Amino acid sequence: KLEIALSKQKSCITVQYRYQVRLAVSAESREIGLQNRNSLNKNEGMLFVFERPDQQTFWMKKTYVPLQILFFNPEGKVTKFSEMAVEQDPLKPKKIYYSDKDTVVALEISSNSIKKTNGLYLCFNQR
């Protein structure tokens, strides 16, 4: 697990939120994501890391807890976020969640964890 934080300053001097995350860096780990989870603590999540900036897509296949997803550009700034509800049939999800075109990192956390994402930056190893 890795500790990350979200801050309103790019310098990350003050931190608004902290999370313990699992990393998803391979195509396989990104596809599996948080599948088959029945719960997720408020300070836990999964950080998806991509090889290059691009539009990314996510779904809620086999995911049984509602999530919030934040998309980050190469500068570490949140560019978009979505609330992701549990699908009526989690084995056959219908909704797809799209990022902006310049996404390099996505963060899945518990639903409604963050109310205002405007101006938030991703920070690493902040204590």
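The values are calculated or read from the model by the stated rules, or taken from the named source; none is laboratory data. Quantities reported herein were computed from a predicted structural model and do not represent experimental measurements. Every residue, glycine as well, gets a Cβ built from its backbone with ideal geometry; the counts of neighbours run over all protein chains shown. SASA here: full protein model, heavy atoms, side chains in, ligands and nucleic acids out. Shrake-Rupley method; radii C 1.70, N 1.55, O 1.52, S 1.80 Å.
Only strands (runs of 3 or more DSSP E) wholly contained in segment 17-127 count here; list those with 3 or more residues that are of a type in the set (A, V, I, L, M) and either at positive phi or open to solvent by less than 30 Å² (accessible area, probe 1.4 Å) (or both).
67-72, 103-110
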Discussion item. If the requirement is being under 24 Å from Leu120 (Cβ atoms) and without any contact (Cβ under 8 Å) to a residue 40 or more places away in the chain, which of these qualifies: Pro93, Pro74, Pro66?
Written reply: Pro74
Worksheet item: Which residues, counting only those in segment 1-16, are surrounded by 13 or more Cβ atoms within 10 Å (Cβ to Cβ) and not aliphatic (A, V, I, L, M)?
Response: Glu3, Ser7, Lys8, Gln9, Lys10, Cys12, Gln16
